[in-house]
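Asks: For reference, the structure I am asking about is given below.
The values are calculated or read from the model by the stated rules, or taken from the named source; none is laboratory data. No experiment lies behind these values; they were computed from the predicted model shown. No Cβ is skipped: glycine too gets one built from the backbone with ideal geometry, and neighbour counts run over all protein chains shown. These area figures cover heavy atoms from the full protein model, side chains too; ligands, DNA and RNA do not enter into them. Shrake-Rupley method; radii C 1.70, N 1.55, O 1.52, S 1.80 Å.
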Amino acid sequence: MLAIGLMSGTSRDGIDAALIETDGEGLSYAIEFHAMAYDDGFRLRLAEACQRAMAMAAPGFEPLIASVEAELTERHVQAVADLLGRSGHIAEDIGVIGFHGHTVAHRPDRGWTWQIGDGVGLAGAFGIPVVADLRSADVAAGGQGAPLLPVYHRALAAGLNKPAAVLNLGGVANITFIGSDGTLIAFDTGMASGLIDNWMQTHGDAAYDAGGACAARGRVDDARLAVMMADPWFEVPPPKSIDREQFSIDMVQGLSMEDGAATLTAFTAAAVARAVDHLPERPRAIHVAGGGRHNDVLMAMLAERTGAAVLSVDGLGWNGDALEAQGFAYMAVRHLKGLPISFPGTTGAPEPMTGGVLFQA
């Protein structure tokens, strides 16, 4: 089946749209990928929507969030149209769209998670069935609702030497561990690029630290890093997940631009190293996807602190930018087939669970 996956991630940089052919089980072939960046104005509105959502006791109507949701959906419609144009396919060729939307607040501790995006509107725009709201059922059952990509990582990694790990570095970082006996464990490790991006946007004129160039000129403040790593969340055993807003740049305020970037980069690497300590086996290699793999300083710090070979997934023939979007296409097909997308070892769900809500055109 041809399926489209859409992802607006915690980096808040734009929409990833991927077209794959898959049976939702062992077979998956990448066909086309398209990334559509957000403009600065929308990125700021989206960030404000997230802050307002996190301040709410539960999901509900809030004028700015509703406005951002409508605009977000329109941008996803454009992303799908662009992807179809690039691929040479028409809407009638596509069996399903996996629509993640954007997480404005993730509060499994309160029994809810909130992804905005109009599944009905997206389905109606193309006449293609849409599977959305992929996390809520898991959280309602007592799971973390994240990460969801492990089921796709497992399919892609079938031929890798085990134990192995796939690390996704978006705004938040999450790791998928596949043991030598096939054990599947996954959880958020902490922040990835989110705080680094916030620092660069707040204290400089850049959206992110390209290649880690700013961090490379700085020095890690070990005392501040130790305080940040003393947060009790890091000692909580997996499965676990966090919202992007759980940590802030407050602890590095007062440092130079370069030292702040270096310390926040080290915070990401140290958190991943702490996460590896939670695994039942040390992975032989950590294969890295997401925008963070382009940060050379972060990749070097990861290798130093974990003691593992830290490699971009592109070396496996995977597209490290497209992986999340592809995964949501894969999960949409699994939804149609009644197959689970989350598991006790990945989200803490009580049993393997299907997820998502189907919106017909």
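Asks: Hand me the chymotrypsin sites (Phe, Trp or Tyr not before Pro) from the range 1-96 located in a DSSP loop with no more than 10 other Cβ atoms within 10 Å, in residue order please.
Replies: Here the chymotrypsin sites (Phe, Trp or Tyr not before Pro) that fit, given the DSSP loop and packing criteria, are Phe61.
Asks: Still on this structure: May I ask for the angle, rounded to the nearest 10°, between helix 296-306 and the longest principal axis of the chain, with both axes built from Cα atoms and the value confined to 0 to 90°?
Replies: Once rounded, the angle reads 70 degrees.
Asks: For the range 168-233, give the percent of accessible area contributed by carbon and sulfur heavy atoms, probe 1.4 Å, rounded to a whole number.
Replies: 51 percent
Asks: Probe of 1.4 angstrom, ligands and nucleic acids ignored: what's the accessible area per residue over the chain, in square angstrom?
Replies: With the other protein chains kept in place, the chain gives 38 Å² per residue.
Asks: In square nanometres, what is the average projected area of the Cα convex hull of the range 222-361?
Replies: For the range 222-361, the mean projected area of the Cα convex hull comes to 11.2 nm².
Asks: I would also like to ask the following. Rounded to the nearest 5, what is the percent of antiparallel bridges among the DSSP beta bridges in the range 1-97?
Replies: Within the range 1-97, antiparallel bridges account for around 90 percent of the total.
Asks: Please report Rg (one decimal) and Dmax (integer) in Å for the Cα set of the range 179-244.
Replies: Final numbers for Rg and Dmax: 15.6, 48 Å.
Asks: Right, next: Below 8 Å between Cα atoms, with a sequence gap of 6+, how large is the relative contact order for the range 220-328 in percent?
Replies: 25 percent
Asks: Right, here's the next one. Based on the mean of other Cβ atoms within 10 Å per residue, sort peptides 337-346, 101-110, 141-150, 65-74 so the most packed one is first.
Replies: Going by the mean number of other Cβ atoms within 10 Å, highest first, we get 141-150, 101-110, 337-346, 65-74.
Asks: What translational diffusion coefficient, to the nearest whole µm²/s, does the range 140-236 have by Stokes-Einstein, given a Kirkwood radius computed over alpha-carbon pairs, a temperature of 10 °C and 1.306 mPa s viscosity?
Replies: Once the numbers are plugged in, D ends up at 100 µm²/s.
Asks: Another question about this same structure. May I ask you to give the percent of accessible area on the range 1-41 that is carbon plus sulfur, with a probe radius of 1.4 Å?
Replies: Answer for the range 1-41 is 53 percent, counting heavy atoms of protein chains only.
Asks: Another question about this same structure. Size of the chain along its principal axes in angstrom, Cα-based, largest extent first?
Replies: 56, 49, 39
Asks: Shifting gears a bit: If you wrap the range 1-111's Cα atoms in a convex hull and average its projection over all directions, what's the area in nm²?
Replies: Result: a mean projected hull area of 8.1 nm².
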